[in-house]
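K.L.:
Dropping a structure here in structure tokens format, bear with me for questions.
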Amino acid sequence: MRATIMHKAGDVRIENVPDAAILHSTDALIRVVRACICGSDLWPYNDKPAEGPSQPMGHEAIGRVEAIGSDVQRIKVGDLVIMPFAYSDGSCMFCDEGLQTSCKHGGFFGQPDPGGAQAEALRIPQADGTLYPINATDDDALMASLLTLSDVMGTGHHAALMAKAGPGKVTAVIGDGAVGLCGVIAAKRLGAEQIIILGRHDARIALAKAFGATDVVSERGEEAIARVIALTGGQGAASVLECVGAEGAMETAIGIARPGGAIGRVGVPHYGSVAGGMRGFYQNITIAGGPAPVRAYIDELLPDILEGKIQPGRVFDRTVGLDGVPDGYLAMNKREALKVMVRP
Ligand SMILES: [Zn+2]
């Protein structure tokens with residue numbers, strides 16, 4: 001079968017690899033109907049060293065179940081399923097608590113084991129706990145939005161929850177990528193009224209406004225902090241969604257959080273320790289977040305998509321086949337595309 005393999009920075013290829021197959025009795029095999037390229041895929045695209053093993057790419061998908069292992073009971077052959085970016089057994093103490101990304105028998109897609117979703121097919125470990133069957137056709141008009149439940153919409157929701165976004169709370173969202181934009185949707189959905197987007201790309205800002213952002217801050221660093229403070233009556237934001245993962249973004253988050261505020265960080269951190277520790281301490285700022293347990297959020301978010309209340313699928317602005325995936329990485333890296341959908 002054909003799959004996307006990252007060899008080193010800037011070198012991502014479509015290659016012939018051994019067919020995905022059932023290995024364990026709890027596995028399922030899916031034919032990938034939709035996948036996509038994630039902002040976090042751009043980190044290895046920019047800095048993966050030439051040494052070390054190559055990496056199968058892709059951790060977001062909707063698929064059609066082609067086969068199941070002998071112990072799979074809930075998932076059936078023929079089901080159309082959302083594949084969260086982490087697999088999980090659905091039965092351990094952390095899964096019970098809704099923290100499937102810490103599952104005792106879990107792990108992440110887009111690794112040599114179990115493989116990546118930017119491919120024709122994929123083995124799904126712990127199929128019963130991982131996959132979420134949906135009623136839709138392969139060409140459903142809602143497919144783009146449904147695909148965001150695999151990662152970015154659930155991740156934006158997680159950022160908003162960790163930042164304690166809600167009615168009457170000023171919310172700031174750092175980052176105008178797909179996760180940041182979904183963070184705007186999530187904050188609005190949870191009742192936030194003033195939502196400040198920190199970003200600088202015109203098309204993305206326009207989308208942020210369509211999703212509910214009320215103020216735009218395009219400055220960076222200290223200037224950005226001063227602008228947010230000014231926009232919030234000198235207090236800062238009660239809820240800050242950090243959707244980038246860069247050290248500077250975290251510094252900004254600490255700088256714009258009001259005393260007693262909360263930061264929800266969901267950008268994969270590209271820093272060793274959290275910046276701004278002194279201000280964070282003296283102003284009693286909560287720093288929370290991590291990989292979103294998106295599996296836990298599908299129950300809550302899916303009805304809003306089906307009813308048309310939220311349209312996170314608008315973050316996709318380009319669609320490619322597998323052969324177009326390398327160009328998709330290039331386009332996202334050059335900020336010519338916001339988020340690229342893949343139809344294998
Ligand atoms: Zn578990």
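K.L.:
For A230 and A206 in the same chain, what is the full-extension length gain: residue separation times 0.36 nm, less their Cα-Cα distance, in nm? Could the numbers behind the result be given before it?
P.N.:
Working: separation 24, 0.36 × 24 = 8.64 nm, distance 2.20 nm.
Result for the pair: 6.4 nm of gain on full extension.
K.L.:
For the chain, what relative contact order do you get, as a whole percent, if you take Cα pairs closer than 8 Å and at least 6 residues apart? Display every interim value, and only then the final one.
P.N.:
Details: 884 pairs, mean separation 62.4, N = 344.
About 18 percent, as a whole number.
K.L.:
Ranked from the most accessible area to the least, with a 1.4 Å probe and all protein chains present, what is the order of I22, I254?
P.N.:
Values: I22 60, I254 5 Å².
Highest to lowest solvent-accessible surface, that is I22, I254.
K.L.:
If you place +1 on the Cβ of every Lys and Arg and -1 on the Cβ of every Asp and Glu, how big does the dipole about the Cα centre of the chain come out, in debye to the nearest 20?
P.N.:
On the way: 31 positive and 39 negative charges, 145 e Å.
In total the dipole reaches around 700 debye.
K.L.:
How long is the gain from S70 to S25 if the chain were fully straight, where each residue apart is worth 0.36 nm and the alpha carbon distance is subtracted? Don't jump to the answer; show the numbers that get you there.
P.N.:
Values: separation 45, 0.36 × 45 = 16.20 nm, distance 0.50 nm.
Gain in length upon complete extension: 15.7 nm.
K.L.:
At 0.36 nm per residue, and after removing the present C-alpha to C-alpha distance, how many nm does the segment from E219 to N16 gain when stretched out fully?
P.N.:
Working: separation 203, 0.36 × 203 = 73.08 nm, distance 4.49 nm.
Between E219 and N16, full extension yields 68.6 nm more.
K.L.:
Tell me the label-point distance for the pair S54, A136, using the 7 Å Cα-to-Cβ offset, in nm and rounded to one decimal.
P.N.:
Calculated label separation equals 3.1 nm.
K.L.:
Given H placed 1.01 Å from N in the peptide plane, which residues other than close sequence neighbours of G110 have an amide H under 5 Å from its amide H?
P.N.:
G115, G116, A117
K.L.:
Could you work out the pair-distance distribution P(r) of the chain from its alpha-carbon pairs, with 10 angstrom bin width and percents rounded to whole numbers?
P.N.:
6, 27, 34, 24, 9, 1, 0
K.L.:
Okay, moving on. When the Cα centres of segment 13-77 and segment 308-344 are compared, how far apart do they sit, in Å?
P.N.:
The two parts, judged by their Cα centres, are 18 Å apart.
K.L.:
Return, for the Cα atoms of segment 78-148, the radius of gyration and Dmax in Å, separated by a comma.
P.N.:
Spelled out, the Cα radius of gyration and Dmax of segment 78-148 are 12.8, 37 Å.
K.L.:
Please state the Cα pair-distance histogram of segment 145-215 with 10 angstrom bins from zero: what percent is in each bin?
P.N.:
P(r) over segment 145-215, rounded to whole percents: 25, 57, 18, 0.
K.L.:
While we're here: What ranking do 179-185, 206-212, 258-264, 273-279 get when scored by the average of other Cβ atoms within 10 Å per residue, highest first?
P.N.:
Details: 179-185: 32.0, 206-212: 19.0, 258-264: 22.3, 273-279: 13.4.
Highest to lowest by the protection proxy: 179-185, 258-264, 206-212, 273-279.
K.L.:
Mean-square fluctuation check for the chain, GNM, Cα pairs under 10 Å: which of A50, A20, A187 is largest?
P.N.:
Taking springs between Cα atoms under 10 Å, the residue moving most is A50.
K.L.:
Would you please give the residues with an amide H less than 5 Å from that of G166, counting only those at least 5 places away or on a separate chain, with H modeled from the backbone geometry?
P.N.:
Hits under the 5 Å cutoff: A192.
K.L.:
If you take every DSSP beta bridge whose two residues both sit in the chain, what share of them, in percent to the nearest 5, is antiparallel?
P.N.:
Working: 32 of 55 bridges.
Counting DSSP beta bridges with both partners in the chain, the antiparallel share is about 60 percent.
K.L.:
Next question. If I fit a long axis through the Cα atoms of helix 178-189 and take the longest principal axis of the Cα atoms of the chain, what angle between them do I get, 0 to 90°, rounded to 10?
P.N.:
70 degrees
K.L.:
Keeping all protein chains in the complex and leaving out DNA, RNA and ligands, what accessible area do you get for S70 with a 1.4 Å probe, in Å² to the nearest 10?
P.N.:
100 Å²
K.L.:
Quick one: grab Rg to one decimal and Dmax as a whole number for segment 214-344, Cα atoms only, in Å.
P.N.:
Computed over the Cα atoms of segment 214-344, radius of gyration and Dmax are 17.8, 52 Å.
K.L.:
Three principal axis extents, largest first, for the C-alpha atoms of segment 99-227, in Å?
P.N.:
Principal extents (largest minus smallest coordinate, Cα): 48, 35, 28 Å.
K.L.:
Here is a follow-up. Using modelled backbone amide H atoms (1.01 Å from N, in-plane), which distant-in-sequence or interchain residues come within less than 5 Å of R318's amide H?
P.N.:
For R318, the qualifying residues are K339, M341.
K.L.:
I want to check the label-to-label distance for D323 and A288. Put each point 7 Å from Cα in the C-beta direction and report it in nm to one decimal.
P.N.:
With each label point 7 Å from Cα toward Cβ, the separation is 4.8 nm.
K.L.:
To the nearest 10 Å², what's R318's accessible area with a 1.4 Å probe?
P.N.:
Here the accessible area works out near 90 Å².
K.L.:
Where Rh denotes the Kirkwood radius from the mean inverse Cα pair distance, what is Rg over Rh for segment 119-169?
P.N.:
Numbers: Rg = 14.9 Å, Rh = 13.6 Å.
Rg/Rh for segment 119-169 comes to 1.09.
K.L.:
Evaluated at 20 °C with a viscosity of 1.002 mPa s, what Stokes-Einstein diffusion coefficient in µm²/s does segment 1-82 have when Rh comes from the Kirkwood expression over alpha-carbon pairs?
P.N.:
On the way: Rh = 14.3 Å.
Using the Kirkwood radius from Cα pairs, D works out to 150 µm²/s.
K.L.:
Mind counting lysine pairs for me in the chain? Cα separation below 12 Å, and the two need to be 8 or more apart along the chain or on different chains. It would help to have the intermediate numbers written out before the result.
P.N.:
Values: K8/K48; K169/K188; K188/K209; K188/K309.
Close lysine pairs under the 12 Å cut-off: 4.
K.L.:
Leaving out ligands, DNA and RNA but keeping every protein chain, what accessible area does E336 have, in Å² rounded to the nearest 10, with a 1.4 Å probe?
P.N.:
Taking all protein chains as shown, E336 has close to 110 Å².
The values are calculated or read from the model by the stated rules, or taken from the named source; none is laboratory data. Here the structure is a predicted model, which means the values were calculated and not measured. Cβ atoms come from the backbone with ideal geometry, glycine included; neighbour counts cover every protein chain shown. To get the accessible areas, we keep the full protein, side chains included, count just its heavy atoms, and leave off ligands, DNA and RNA. Shrake-Rupley method; radii C 1.70, N 1.55, O 1.52, S 1.80 Å.
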